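What follows is calculated from the coordinates using simple rules that are stated; it is not laboratory data. Bear in mind the structure is a predicted one, so any value in this text is a computation, not a measurement. Here the Cβ is made from the backbone with ideal geometry for all residues, glycine too, and neighbour counts use every protein chain on show.
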Amino acid sequence: MTSLDSAPPRLAPARPGGGRGGRLGERLLHAYTWLILLWLVLPIIVMIVFGFNDRVGKRNNTWNGFTLRWWGELFAIPDLTTALVNSLTIALLSTAVATTLGTLMGLALGRHTFRGRGGVELLMFANIAAPEVVLGASLLSLFITMGVPRGYLTILIAHIMFNISYVAVVVRARLAGFDSSVEEAARDLGAGPFTTFRLVTLPLILPGVLSGALLAFAMSIDEYVITTFNAGSTLTFPLWVFGATRVGVPPQVNVMATIIFVVGVLLALGNALLLRRRQI
Amino acid sequence: MRRRRAGALAPYFLVLPGGLWLAIFFVVPTAVMLSVSLQTGNVVDGFTQTFDFGVYADAITTYETQFIRSLIFGLIATVTTILLAYPMAYWIAFHAGRNKSNYLFGVLLPFFVSFVIRTVSWKFLLADDGILLGNLKDAGLLPADFHVLATSFAVVAGLTYNFFPFMLLPIYVALERIDPRLLEAADDLYANRRGVLTRVVLPLSMPGVFAGFLLTFVPATSDFVNAYVLGGTNTTMIGNIIQTTYLTNADYPLASAVSFILMAVLLIGIFVYARLLGTRDVLEMSTR
């Protein structure tokens, strides 16, 4: 930010609003940007802070002093703990499957021209664009019609379903600058298709695959709408919290969400660093 | 020869597993939902296929209010996000310099907290006796019976908050793509600042606004978490109807009909929209 104010106008990229009178406008927009950022993180700050609140009674509404009690009693609510474990394992499993299937689709779309390609793109577009509530409801109508009992497995199926397209799109985007001559070189040197994939293609697309996997994991652990239709009596973390809203959310939820938040931010930063290093 | 053939089949092998998964758990269910909507019966006695299209008329007349309310809430929230996001995206794209990605990361921070928890956190912030309103009331700045929760304002504000990043990111991408030389050219041709903005920047960023509109309007219109957590009995949206009709009332035909109408309205809208603007562009902008 400091480099902005001191940069000589000639060297700075041309920007509308540069020059006379633009200064004030720019300052105002800068302040505005921070105001919006504050608005965006406000509920997160409140969530984190009230995980340390020494609350009295059932309501967690007012600040009563600092305590680490809820961090110590993190797993004191068995149902909540089960829900969290469900969320984590479903996120891991669905990420693994969706990343595999999505990467293959992304490879096909990013590297090959084939008949029916437009149809596949349309399918993915519809899948991403369709309202979640409809995705959840229609999947439920399939399970009801087929007599499939709802539970852990149906949640897993649903999560894989909505993650595949996102992974495919991310992987395809990463393939944009892919130089396929390195694969041809590997093949000319006698590598079979699988060796070529393992030693040449995969390392090259790995950052994209990793980004796709992170996105899939984040979406799965966060997902409420589609899950609620296909969960039966099995609960995930967001489902448990939703159920608790009318009676009051216990501080353990704040603590768990804080941990997920911090781990997620660290993972994303790590991935960003990895990508940056690869680009140099 | 053999190798060429295998090469020609390769993309199909790559697409097959994921494509099948989507076909079985996304395309087929949509068809099944259509068929369920045309059944008659109840959970106890079972359902039979009767092709009774009357359920669609029922769905529309019964839930007309919620359909219209959802569209209006979705539209207000979407337009609000455009107005809020554009200036910020503009500043990040043209003035944030090397800190661009840091600001964008800030915009993405809410995504590291579950959607439900973010909304619950707002409920907590806006509670009648909570840390915001409670203190203002104690200070005598607000009347004691003032409330935000259970109003349309709270629901629309929640929708605006939750979908804001979906609007900012595509607008930012579109602005970021603008070739700086175009702005220089406009400057050289004696365009004033207003002219550069309205005749160069704004038109060139429209694809981003269109993509953002799609990404925000569809989930905002069909959302039911905000209406449930922040709203009251007068703010019920169509998503809430679908949820309760399916899961609480177990009236599957009616629930399916309502979902199908919602999907048809939104998907037809989306495809007309994407056709007008180019499918690929919207898809690419939407998923960047």
> To the nearest 20 debye, what is the magnitude of the charge dipole of the protein assembly as shown about its Cα centre, counting +1 on the Cβ of each Lys and Arg and -1 on the Cβ of each Asp and Glu?
Replying inline: 1780
> In the P(r) worked out for the stretch B:54-286, what percent of Cα pairs fall beyond 33 Å?
Replying inline: 30
> Could you list log10 I(q)/I(0) for chain A at q = 0.10, 0.15, 0.17 Å⁻¹, which the Debye formula gives when each Cα is one point scatterer?
Replying inline: -0.77, -1.19, -1.29
>> If you take each beta carbon of peptide B:248-254 and count the beta carbons of other chains within 10 angstrom, what is the mean?
In response: 1
> Kirkwood hydrodynamic radius of the stretch A:156-212 from all distinct Cα pairs, in Å?
Replying inline: 12.5
>> Could you tell me which residue out of B:Gly208, A:His112, A:Ile164 lies farthest along the dipole of the protein assembly as shown toward its positive end? Charges go on the beta carbon: Lys and Arg +1, Asp and Glu -1, centred on the Cα centre.
In response: A:His112
> Can you work out the FRET efficiency for the pair A:Val262 and A:Ile45, with r the C-beta to C-beta distance and R0 = 22 Å, to the nearest 0.05?
Replying inline: 0.95
> Of B:Thr245, A:Thr81, B:Leu109, which is farthest on the positive side of the dipole of the protein assembly as shown, counting Cα position, with +1 on Lys and Arg Cβ, -1 on Asp and Glu Cβ, and the Cα centre as origin?
Replying inline: B:Leu109
>> Need the C-alpha centroid separation for the stretch B:166-231 versus the stretch B:1-74, integer Å.
In response: 32
> Per the Cauchy relation, a quarter of the hull surface: what is the mean projected area of the convex hull of the alpha carbons in the protein assembly as shown, in nm²?
Replying inline: 31.4
